[in-house]
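Here the structure is laid out as structure tokens; the discussion comes afterwards.
The values are calculated or read from the model by the stated rules, or taken from the named source; none is laboratory data. Predicted model only: the values in this text are computed from it and were never measured. Virtual Cβ from ideal backbone geometry, glycine too; neighbours counted across all protein chains shown.
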Amino acid sequence: MTVSNPSLPPQKPSHYDFYKVVQDYLEEAAVIAEVEPYVRTILTQPKNEVIVNFPVKMDSGEVRLFKGYRVQHNNLLGPFKGGMRYHPQVSLDDVKALAAMMTWKSALMRLPFGGGKGGIKFDPHSVSKGELQKITRRFTHALGENIGPEYDIPAPDVGTNSQTMAWMMDTYSNMVRSAEKQSVKGVVTGKPVASGGTLGRTKATGQGLVHCILEWAREKSFALEGSTMTVQGFGNVGSHTAVILSKLGVSTIAVGDHTGYLFNPEGFNAHKLQDYVEKYGSIAGYPGGKAITREEFFATKADIFAPCALENQIGEAEARALDVKLVAEGANGPCNPEGERVLLDRHVDVLPDVLANSGGVTVSYYEWVQNKRSESWTEEEVDARLEVVMKRGYREVSDFARQKKCSMRVAAYAIALERIAAVYKEREIFP
């Protein structure tokens, strides 16, 4: 059960228009990339918005109605691709924003995918495992042919994991003809390895973020050995980022999640904290750190800050409080525009989400390819391919930003837009 904590700081204002923020970046990038107006027009709205309401019989016998979403933004370059989020604050506009970002990520990383995103508005921690399975299976069934291995391919996101994907795949495989059951494993990615997942997928987003940090450090002649980091959100992305960087001599001195914030000037044991969170679901009660406020967390002096929680966490106040050299976005949209402006004015570098956390969708592509070919790659092969793609993406974005004198974020959007626009120009508009 989720226990409320009255000492927690209030949530960010609910009126934050995440979709408008993403669209504003699109407009800014479109001008720099000199994209035709009709391409901008097409990309301002998703191709499809699917909303399903479905009943689930809970353990108590009560029947609850759940609302689920699947937004399919664009599939010009390939099947819609993006995560499924289980969270109390899931909304249509947020899912639209996240789906659009998946379009940019796929194009930026040169993947043959479009953008999609989905989710269910509820707290997954408030239900039993059996109820979670029922909710997932009913949601998958309700979506029906709106997903598929050649059409729309979900993956894990906030509140979901490899087990969720195994349930989704199994449900979908029972919705197709018997002769097709073995050929639809690629309907989702991020599955357990035994069920058709790929080695290296669990750590992929964190690993990709680390590659970007390494490229930034090389570009800036910054020594990572002996440096410090703070991490907001210690789930899949945040924990793997901290663990991988700890092997390179980076010490995580402050962490936070939905239950609060902890500080340890000597540095946390990232492995032990990761194991603790996996067992207990949060950092609450971890004995290796001192409890601090949200304000103290953002004011903690460090070299790197990795926001790996939810969007709209770094506004103007947080940006002024941060005492770091780099903000590496493991989450989607953690900096709001006002916050980013303050950071850039203060000469704090920002590695934008569209680039920095695209390791997840990249390795999802590798999983999808393995499913299509009935192959199984080694973890070393997956890691090597990811490293090449992430480093190439970083160099392209960094070079573009330098040439056009724009932010890394706008550069990432612009490169993605150029690639999408080129295809629209070649294929033109039907009919």
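In table form, for the structure just shown:
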{"quantity": "Contacts under 7 angstrom Cβ, first residue in the range 380-408 being closer than 22 Å to His240 by Cβ and aromatic (Phe, Trp, Tyr), partner modelled with pLDDT of 95 or more and part of a helix (DSSP H, G or I), 6 or more apart", "calculated": "Tyr394/Cys212; Tyr394/Glu215; Tyr394/Leu355"}
{"quantity": "Qualifying residue in the range 361-370 (condition: touching a residue at least 24 places away in the same chain (Cβ under 8 Å) and touching a Cys at 6+ places or on another chain (Cβ under 9 Å))", "calculated": "no"}
{"quantity": "Within the range 86-116, tally of residues that are of a type in the set (Lys, Arg) and under 12 Å from Val361 (Cα atoms)", "calculated": "2"}
{"quantity": "Count of the range 210-239 residues which are basic (Lys, Arg) and within 15 Å of His258 (Cα to Cα)", "calculated": "0"}
{"quantity": "Enumeration of residues in the range 186-210 that are among the aliphatic types (A, V, I, L, M), buried (at least 22 other Cβ atoms within 10 Å of the Cβ) and either out of contact with any Pro (no Cβ under 6 Å at 6 or more places or on another chain) or not assigned by TED's automatic domain parsing to the domain that holds Tyr172 (or both)", "calculated": "Ala204, Leu209, Val210"}
{"quantity": "Any hit, the range 301-323, residues being surrounded by 24 or more Cβ atoms within 10 Å (Cβ to Cβ), on the phi > 0 side of the Ramachandran plot, in contact with an Asp or Glu (Cβ under 9 Å, 6 or more places away or on another chain) and in a loop (DSSP other than H, G, I, E, B)", "calculated": "no"}
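Conditions (1) at positive phi; (2) touching a Pro at 6+ places or on another chain (Cβ under 6 Å); (3) modelled with pLDDT of 95 or more; (4) β-branched (Val, Ile, Thr), marked per residue:
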| position | (1), (2), (3), (4) |
| --- | --- |
| Asp345 | no, no, yes, no |
| Val348 | no, no, yes, yes |
| Asp353 | no, no, yes, no |
| Gln370 | no, no, yes, no |
| Asp399 | no, no, yes, no |
| Arg402 | no, no, yes, no |
| Ala414 | no, no, yes, no |
| Glu418 | no, no, yes, no |
| Ile429 | no, no, no, yes |
